[in-house]
Structures are given as C-alpha cells and as structure tokens.
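The values are calculated or read from the model by the stated rules, or taken from the named source; none is laboratory data. In this text the structure is predicted, and so the values were computed from the model without any measurement. Methodologically, a virtual Cβ is constructed for each residue, glycine included, from the backbone with ideal geometry; neighbour enumeration extends over all protein chains shown. With ligands, DNA and RNA removed, areas are computed over all heavy atoms of the protein, side chains included. Shrake-Rupley method; radii C 1.70, N 1.55, O 1.52, S 1.80 Å.
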Amino acid sequence: MADNHEAMDVDADRRAPQRSVSVPFQPPRDLTVGYVYSSEMTSHFNPRGHQEAPERITRIWQAIVDERYNTKMQWLPIRPVTKAEALLVHSQTTWDLIEAYQYMSEQQIVDSEAYYEQLSLYVMPGTTRAARLSCGGVIEACLAVARGRLRKVFAICRPPGHHAEPDQSMGFCFFNNVAVATRVVQELTPIKRILILDWDVHHGNGTQRTFNDDPSVLYISLHRYEGGNFYPCGEFGGMTSCGEGSGLGFSVNIPWPEKGMGDPDYIHAFQRIVMPIAMEFAPELVIISAGFDAALGDELGECKVSPAGYAHMTHMLSGLAGGRLVVALEGGYNLNATMNSALAVTKVILGEAPDPLPPMHASETATETVYLVAKEQSKYWKNIDANSCEPREEVESISFSIPEVLQAHRAHYLYKNYKMMQVPLLGFLQNPFAGQVICTPDLFENKTLVVLAHEFGNLRLELESAMTCDLNLERSYLLDFTKELMRWINGEGYALLDVNLYPKPFTSVSQNSKRLSNKKNLERYDDTTALLTYLWDNYIHLSGAKKVVFIGHGPACQPLMNLIDARFNSINRYVKAVVQVVGFAKVPVTPKKDEFRSWYAKCSCVLLSANHHILRPEALHSIKKHGVLCPIEELQPVRIVMKGLPAIQAFIKAQLEKPI
C-alpha cells in the first residue's frame with residue numbers, strides 16, 4: 001500500500017489542531033535512539049488512586065532526565081491515533097466508546113463505575129486524550145524505526161494496551177497500542193514481518209487475538225498463568241494456544257504455573273524458546289510490549305525479575321532485525337521497580353552493556369515449563385530442539401518412575417492375553433531398552449509380521465493437556481490402541497513385534513551407539529535408530545516373514561524412517577506398508593533419494609490431525625513425498641489414534657493383498 005498516512009488522517013477528530021502526518025525530521029547523525037513522552041498522558045487518572053497511575057511514566061521520565069540519557073536521545077513529537085488507524089484493529093463501537101469518555105459527566109462516571117470495574121478499567125474525561133496519545137505515540141515510535149530515521153525508540157506511554165481486544169477495552173487498556181502500530185507499519189512501510197515480544201507478567205490476550213491467524217506477526221509472551229487462573233484468565237494464554245488457520249504456530253505462550261519466577265527462569269526461556277524461534281522467523285522489526293510488573297517488588301505480579309534481567313533480555317532482542325527495536329511500555333505498578341527496570345532497558349538501547357548477572361540456574365518449575373513449551377513449539381519451528389530442553393533430575397537409583405510402572409503394566413497385559421515375550425538384547429542396548437521389545441510366539445514362523453514402534457511411557461510427550469495432566473487418560477490411550485490393534489492382528493493371523501523406543505530413566509546409550517558404526521549408514525543416526533536397526537539385522541530380516549508392515553507412532557516415526565533409509569536395499573523387498581501415526585507431531589523427513597521416495601510413496605500412509613500445520617497450502621509441497629494422507633478431524637491427540645484405527649486397518653489390508 002502506498003504511504004497514505006495523510007489519507008488515513010482525514011477521518012481524524014478535527015476539533016483540535018493536530019499533526020496530520022508523521023512529523024518529518026532529520027536527527028543529528030550521532031543520534032540513533034529516540035523516545036516518545038508527553039505529560040498530556042497524565043490526564044487519565046483516578047482521583048481515589050489506582051495502580052495504573054500517571055506516576056508510572058513521570059517517574060520513568062524523571063529518572064532518564066536525572067541520568068541525562070535524554071540528551072543522547074532524539075525526541076519524537078507525539079500525536080493522537082486517528083480513527084482510520086485505530087480501525088485497523090478495533091471495531092467502530094470501541095472507537096465510539098473511547099471518544100465518548102471525554103463528554104461524560106460526573107454522574108455518568110459514577111453510574112458506570114461498576115460496569116468498568118468488572119472490565120478492570122476506570123474512565124474519566126481525560127481518558128480519551130491520554131488513550132489516543134498513548135496509541136499515537138507508539139505508532140510514531142514504530143514508524144520512525146521502520147522508516148530508518150532511528151534504530152531504536154522507547155515509547156514511554158500510558159495507558160497500556162496489550163489487553164485491549166478488537167471489540168473490547170479491558171485490563172487498564174483502551175487501544176491496543178502495539179497492535180495498532182504494527183498494522184500501521186505494515187500498511188505504510190515495506191516492513192511486513194514483525195516480532196512482538198511481550199514480557200508483561202500478564203498474557204497479552206488482545207495482542208494475540210489481533211494476530212492469531214496472521215503469519216506475518218510472531219507473538220511471543222512470557223507470563224504468569226497458573227493454569228488459567230491468573231488475569232486475564234482462561235486457556236487462551238496456555239502453551240497449546242498457538243494461533244489458528246494460517247497463523248498456527250505464530251503465537252508462542254510461555255505460561256509460568258506459579259508466582260516467583262525470576263532472572264534465571266526468564267533467561268532460560270529466552271535461550272531455549274524465544275531466541276531460537278525469533279532467529280528462524282527473522283523479523284524485520286522487533287517490538288517489546290514492555291510491562292515491568294514481573295519485576296522484583298511488584299505486588300501485582302509477585303515475580304522476581306531484576307533490572308539486569310530486563311537489560312539482558314533487551315540486549316538479546318537488540319541483535320534481531322538489524323537492530324530495529326521499539327520498546328513500548330505496558331504494565332508495571334511498583335513505581336521504583338518500574339523506574340529502575342525501564343532505566344536499565346534505556347541504557348541497553350543506548351548501547352551500554354547490561355549489568356552482569358550472578359551465577360544462576362533456572363528453577364525446576366521453569367525448566368519443566370520450557371520443556372513442555374518446546375515440545376509444543378517443535379511442531380512448528382525447526383530451531384526448537386525439545387530433547388535439549390528436557391529437565392535433568394537427580395533421583396536415587398532405587399526409585400521407580402511412573403513410565404517404568406506403566407511399561408511393566410502394559411508388558412504384563414500383552415503376555416497375559418497374547419503370550420507375548422521379551423526379545424533379548426545384547427551389548428549397550430540392553431540397559432536402556434531391556435524388557436521394551438516384545439513379540440508374539442510366532443515371530444520366526446509367520447509369513448506376515450507387523451512391527452509397532454512407539455514411545456509409550458514418555459508422559460511428557462503423551463500428556464493431552466499440560467494444564468490437566470490426566471495420567472489415567474494418558475496411560476490408557478496407547479494401551480487401548482494396542483488392545484484394538486492386537487485383536488485385529490490376532491484375528492488376521494499376523495505376528496507382532498512391539499518396540500518401545502522410550503529409554504529407561506537415568507540411562508544413556510549415546511556414547512556407545514557408534515559401536516554399530518561399521519553398519520552401513522547407521523553412524524549418523526541416534527540410539528533409537530540403533531535399536532531398530534539391531535532388531536532388523538538380528539530378528540526381522542532373519543524371520544520367516546515375507547510381508548512386513550511398519551507402524552510408527554508419534555516420536556517413533558522419524559527413527560522408523562531412519563531405519564528404512566539405513567537398510568533400504570533389504571527393506572524394500574519385504575516391507576509392504578509403512579503407517580506413520582503423526583497426530584500433531586512433526587511429519588518424518590524422507591531421504592532425498594529418488595528410488596527411496598518412489599518406493600515410499602507407493603506403500604506409505606500418514607495419519608495426522610486435520611489441523612496440522614503441514615496441511616496449510618504453503619506447506620503442502622513437503623507432504624507430497626508421502627503416500628496416502630489421512631487427516632483426522634480431531635483436536636485431542638489422545639483420540640486421533642483410536643479414530644484413525646479403521647483407516648490403518650484398511651490401508652494395511654490393501655497393501656498386503658498386492659502380489660509380492
């Protein structure tokens with residue numbers, strides 16, 4: 001769209017003089033950092049006192065002046081948001097309501113007080129001017145950076161904005177300042193790909209709602225969540241709330257389950273989640289929704305982030321987008337904590353190094369939360385390595401984990417009902433995988449063999465909801481799937497080799513897996529592939545089976561693909577069907593070999609959620625390498641397997657009926 005800021009301002013309120021375009025200026029060559037501030041934004045206040053008070057910005061401004069940082073920064077003139085700009089995000093009703101505040105009588109304010117309190121708002125005649133200036137100030141800050149006039153800008157604006165939804169002001173917020181500014185930048189400049197990093201202690205429900213289906217805006221929020229019981233409450237800020245439609249995967253929530261999170265926890269989340277995803281997204285502009293209510297001393301947030309912690313997070317984000325960064329004030333209600341934190345951020349955007357942090361390590365709560373977020377986001381981002389985020393726990397060797405108990409229970413069930421027995425393993429595979437490979441008695445006699453690979457017992461992968469953690473449900477779903485599959489296999493007269501690729505806790509075979517490196521193509525794969533290859537070489541290939549079926553479930557799909565690649569010359573003669581039950585997880589990568597892909601396309605079936613991101617139009621090219629696709633209309637991973645079982649059975653039957 002052409003630069004039509006003038007046209008957008010035509011609909012603006014003409015009662016008072018205002019600038020109709022971004023004020024043109026040429027800052028001195030040595031000034032690359034700017035600020036937006038106006039005391040007019042203090043016109044919004046509650047006479048009886050309120051956390052969201054004018055002193056929030058006046059104290060920050062005074063601290064910057066006291067340190068003479070303002071002499072190193074370019075002042076950006078402020079202006080009110082125009083109607084056309086606001087309507088890029090908000091409804092006409094929202095605009096009309098905010099405009100009406102300036103005409104409210106004292107009696108109207110009193111009469112409406114209860115209504116606005118339930119929205120966590122207070123209103124008065126000065127609200128309209130302050131809200132429009134706050135939004136317009138953030139717009140000017142973003143345009144100055146997007147147009148290359150400045151590299152970084154701090155918008156010291158209030159009231160905040162990230163709770164304001166398109167159709168509803170709420171949570172101290174009237175216009176969603178950052179969301180409107182983002183849309184204006186996309187409309188008026190060549191910059192389209194924007195990262196919004198929200199470290200306010202509350203989830204920015206309004207910002208995520210605005211861009212929930214938009215892949216051009218990556219929204220990342222770190223916030224206190226407490227199972228959806230912390231403001232603004234509900235599941236929208238949960239880790240599984242990742243966007244929708246074409247925006248699926250472009251909303252990233254890191255929801256802290258308790259208060260008290262501090263520097264080590266936030267830095268850990270930045271290193272493991274925020275920065276890897278941001279680097280992959282490669283934004284052209286970074287906007288920080290900089291609420292300082294997670295700061296140590298803030299009674300509302302009750303967390304422990306220090307000024308140095310905020311400085312280090314700002315420093316990391318400053319390396320993105322060629323240094324184009326806007327810091328927009330959101331929350332923060334302890335005046336001293338907010339002032340000191342904002343000052344630390346100002347120092348960093350001016351080029352000073354962050355104050356050093358002491359030696360530290362993230363809490364158990366943080367590492368577990370980050371791991372669960374990594375598992376969720378690894379569906380959408382290649383840079384996220386969930387395994388590297390897995391918490392390392394020290395537990396006495398005599399203890400038994402829940403996964404071990406569940407695995408033992410499952411093995412007992414299969415032996416009792418189908419006489420399935422353990423397959424002996426030798427060497428370094430014995431310790432982590434002993435008792436996890438079982439087979440029917442006819443393994444070496446049956447002409448048709450089904451190989452089922454899975455990671456049953458890996459509760460972190462199997463939990464339906466990190467918020468409910470229903471272990472009984474999760475324990476049962478793969479067992480129930482196995483029951484139905486076993487009934488069918490037994491009825492069809494096939495043999496079964498069941499392989500659990502989830503290693504026992506406190507064991508590792510990674511340093512020993514290269515003992516099989518003399519086996520062709522194996523050295524580049526992991527331990528689970530080593531186990532599958534060992535089973536192929538010593539059992540499956542030597543059995544009497546002339547027709548073999550591979551079924552991979554969840555995380556076991558990729559190791560199964562690795563096995564096929566490593567032993568393709570023999571596997572392509574015996575394997576007649578490959579079923580990959582992906583669900584919401586990553587679709588396994590196929591090797592770039594024409595012969596492999598030609599064979600695989602003829603004998604493979606992939607079951608996945610109908611909402612899987614790889615089914616988006618822009619990603620469909622990558623799925624064409626697979627054979628039959630079976631999208632399952634089911635949102636809960638726990639039900640995808642059961643619902644897809646008839647399709648699995650039909651596909652296998654059709655493949656096995658083909659002539660050898």
Item checked: Paired Rg and Dmax values of region 249-321, which use every Cα atom, in angstrom -> 12.6, 36
Margin query: Below 21 Å, Cα to Cα, which lysines can Lys347 reach? Residues fewer than 8 away in the same chain don't count.
Written below: Lys72, Lys152, Lys304
Next item on the list: Give me the accessible area per residue for region 40-110, probe 1.4 Å, as a whole number in Å².
Entry: 50
Item checked: By average C-beta atoms within 10 angstrom, highest first, the peptides 542-551, 176-185 -> 176-185, 542-551
Check: In the structure displayed, which of Lys192/Lys625; Lys419/Lys447; Lys483/Lys643 lie more than 21 Å apart, Cα to Cα?
Finding: Lys192/Lys625
Check: If ligands, DNA and RNA are left out, what is the accessible area of Thr93 with a 1.4 Å probe, given in Å² to the nearest 10?
Finding: 90
Item checked: Probe 1.4 Å - accessible area at Glu244, Å² to nearest ten -> 100
Check: In percent, how large is the relative contact order of region 59-218, given Cα pairs closer than 8 Å and 6 or more residues apart?
Finding: 23
Notebook entry, point to check: Given the C-alpha centroids of region 586-618 and region 105-160, what is the distance between them in whole angstrom?
Noted result: 49
Notebook entry, point to check: What trypsin sites (Lys or Arg not before Pro) in region 45-153 are in a loop by DSSP, with at most 16 other Cβ atoms within 10 Å of the Cβ?
Noted result: Arg48, Arg68, Arg147
